[in-house]
Amino acid sequence: MTDSSQNSDSPARRPRDRYQLKQPDQDDAYRSPWSRKEQLGVKLFALVWLLTCRWTPGPANFWRLLVLRIFGCRITGRPYVASSARIRVPWQLEMHDRACLGDGAEVYNLGECILRAHCTVAQHGYLCGGSHDLSVRALPLIVAPIDIGEHAFLGAKAFVMPGVTIGEGVVVGAASVVVRDAAPWTIVVGNPANPVGTRKFKD
């Protein structure tokens with residue numbers, strides 16, 4: 001039996017190699033670490049989404065997916081994105097079949113983000129793919145990937161920190177703050193979120 005505290009892939013921690021400085025030589029907190037091309041792309045997408053998608057009804061999901069594809073989102077199958085959902089960097093998002101972003105859900109994907117098949121991010125859930133190194137005066141931007149596993153369900157207003165992997169079938173309680181990886185088929189709740197049980201199907 002292995003000691004999970006010694007295993008860098010343990011669901012109890014987030015491996016450090018998941019974190020990257022967006023701009024390693026950033027020396028000024030007031031200088032953007034994003035290139036002008038990236039800044040333009042983010043602003044253009046936000047404008048296009050506002051004008052062409054934000055007001056669309058639920059059945060117009062096919063149109064919203066088309067707009068996301070145009071901006072580089074990698075889509076397989078038929079996921080669902082609510083018109084009120086917010087996506088920061090569409091070309092750093094991957095969505096699989098029947099993945100769902102609910103009303104008001106936000107993907108602040110400063111790093112890569114994957115939503116695997118049949119997972120759900122419920123109303124006003126927040127996937128946070130970036131933070132800052134507060135030990136350095138320049139406050140350099142740190143980015144990290146987020147991976148939401150197949151059949152996972154994130155309750156309303158759940159918050160997922162940078163670098164976190166949510167395992168297959170995980171249930172995250174409403175308003176929980178997930179700061180470390182969640183093992184497959186566990187139920188996690190609280191701030192910080194801790195496992196309280198195992199998800200089981202009745203049928």
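Since every read-out is calculated from the coordinates, none of them should be taken as a lab result. Here the structure is a predicted model, which is why all the values come from computation and not from measurement. Methodologically, a virtual Cβ is constructed for each residue, glycine included, from the backbone with ideal geometry; neighbour enumeration extends over all protein chains shown.
Here are the numbers:
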item	result
Any hit, region 56-75, residues being without any contact (Cβ under 8 Å) to a residue 24 or more places away in the chain, under 19 Å from Leu154 (Cα atoms) and buried (at least 19 other Cβ atoms within 10 Å of the Cβ)	no
Of all residues in region 45-77 being touching a Leu at 6+ places or on another chain (Cβ under 9 Å) and aliphatic (A, V, I, L, M), the one that is farthest from Ile87 (Cα to Cα)	Ile75
Residues of region 25-44 that turn out to be farther than 17 Å from Ile87 by Cβ, in a loop (DSSP other than H, G, I, E, B) and under 23 Å from the mean Cα position of the chain (by Cα), as a count	3
Region 18-37: number of residues that are under 21 Å from Glu112 (Cβ atoms) and free of Cβ contacts under 8 Å to residues at least 24 places away in the same chain	4
